[in-house]
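See structure below.
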Amino acid sequence: MRLVLLGAPGAGKGTQAEPMSRELGAVHISSGDLFREAVRQGTELGRQVKSYIDRGALVPDEITVRMVMERISAPDASKGFILDGFPRTLEQARALDAALAQHGISLDGVVYINVSPEELQRRLGGRWICRRCQAVYHEVYSPPKISGRCDRCGGELYQREDDKAQTVKKRIDVYSRETAPLIAYYREADKLIEIDGEQDIDRVRRDITAALKNCKRT
Ligand SMILES: [Zn+2]
């Protein structure tokens, strides 16, 4: 199967990608890994990617699409692939569809793990770390016995900049703004498989498996 996996940071995409890949025999292609690997191997595309990253610029869609197409043409992707982290915008989704069409193929489905902004905020915004022993706590899911103190060593708990409520809110807002048109696009194309991501991990996995079975039959 040829799939895209969509979900906000904190939606559990990373947790679901590996079991999905095993179950389907499809290769998991994360765009971040793809960039790192190309840079490491020093391929022609890798050198171009590096020049953008070094300048702190975004890698142009055209280059990313070429890298993705190269990767999915590799023998290990013949049984299918799960794209993760790409496409992220409507423009990228259109460019990907066009490139796939040139190869006479198309996406079978887009799995969207849907989690409300409020729940994302709870999951991502509640992390506290011990200054002394680095133990990790969560306000809701694994709170310390005494607020602000580490259970293990009594050290002071603090929040990293990335875990602070305002930073988290900004990240979620940016993601929603970018992906809303993408979700509408795939829904319109009848490719969107929406999964309730607020259930426990196993339940989410079972729902994905069930949805993909139905998707295969059509
Ligand atoms: Zn501690």
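The values are calculated or read from the model by the stated rules, or taken from the named source; none is laboratory data. In this text the structure is predicted, and so the values were computed from the model without any measurement. Don't worry about glycine lacking a Cβ; one is built from the backbone with ideal geometry, like all the others, and counts go over all protein chains shown. Side chains are part of the model used for accessible areas, which takes the heavy atoms of the whole protein and leaves out ligands, DNA and RNA. Shrake-Rupley method; radii C 1.70, N 1.55, O 1.52, S 1.80 Å.
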>> Filter the range 35-67 down to the residues that are at pLDDT 90 or above and either hydroxyl-bearing (Ser, Thr, Tyr) or under 14 Å from the mean Cα position of the chain (by Cα) (or both) and list them by number.
In response: Ser51, Tyr52, Thr64
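One line per residue, one yes/no per condition, for (1) over 16 Å from Leu5 (Cα atoms); (2) over 18 Å from the mean Cα position of the chain (by Cα); (3) at pLDDT 95 or above:
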site: Met69; (1), (2), (3): yes, yes, no
site: Ile82; (1), (2), (3): no, no, yes
site: Arg88; (1), (2), (3): no, no, no
site: Gln92; (1), (2), (3): no, no, no
site: His103; (1), (2), (3): yes, yes, no
site: Gly109; (1), (2), (3): no, no, yes
>> Can you list the strands (runs of 3 or more DSSP E) lying wholly within the range 1-85 that have 1 or more residues being touching a Phe, Trp or Tyr at 6+ places or on another chain (Cβ under 9 Å) and open to solvent by less than 30 Å² (accessible area, probe 1.4 Å)?
In response: 2-7, 27-30
>> I'm told Tyr137 meets every condition in (1) closer than 30 Å to Ala74 by Cα; (2) open to solvent by less than 40 Å² (accessible area, probe 1.4 Å); (3) aromatic (Phe, Trp, Tyr) except one. Can you identify the failing condition by its number?
In response: (1)
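Which of the residues spanning the range 86-108 are open to solvent by 20 Å² or more (accessible area, probe 1.4 Å) and hydrophobic (A, V, I, L, M, F, W, C)? Explain how you work it out, then say what you get.
Within the range 86-108, the subset open to solvent by 20 Å² or more (accessible area, probe 1.4 Å) is 88-92, 94-95, 97-98, 101-106, 108.
Once the filter is applied, which keeps residues that are open to solvent by 20 Å² or more (accessible area, probe 1.4 Å) and hydrophobic (A, V, I, L, M, F, W, C), the range 86-108 yields Leu90, Ala95, Ala98, Ala101, Ile105.
If a residue has to be within 13 Å of the ligand (Cβ to nearest atom) and part of a loop (DSSP other than H, G, I, E, B) to count, how many in the range 136-156 make the cut? So that I can check it myself, show each step before the final result.
Looking only at the range 136-156, we keep the residues that are within 13 Å of the ligand (Cβ to nearest atom), and these are 136-137, 144-146, 148-156.
Retained after the next criterion (residues that are part of a loop (DSSP other than H, G, I, E, B)): 144-146, 148, 150-155.
Qualifying residue count for the region: 10.
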>> Show the residue pairs meeting these rules: Cβ distance below 6 Å; 6+ apart or different chains; first residue within the range 109-133 and assigned to a strand (DSSP E or B) and buried (at least 17 other Cβ atoms within 10 Å of the Cβ); second residue of a type in the set (D, E, K, R) and at pLDDT below 95.
In response: Ile113/Lys13; Arg127/Asp163
> Considering the range 185-201 alone, what residues qualify as being open to solvent by 50 Å² or more (accessible area, probe 1.4 Å) and part of a helix (DSSP H, G or I)?
Replying inline: Tyr185, Arg187, Glu188, Ile201
> Of the conditions (1) within 16 Å of the ligand (Cβ to nearest atom); (2) surrounded by 17 or more Cβ atoms within 10 Å (Cβ to Cβ), Gln159 fails just one. Which one is it?
Replying inline: (2)
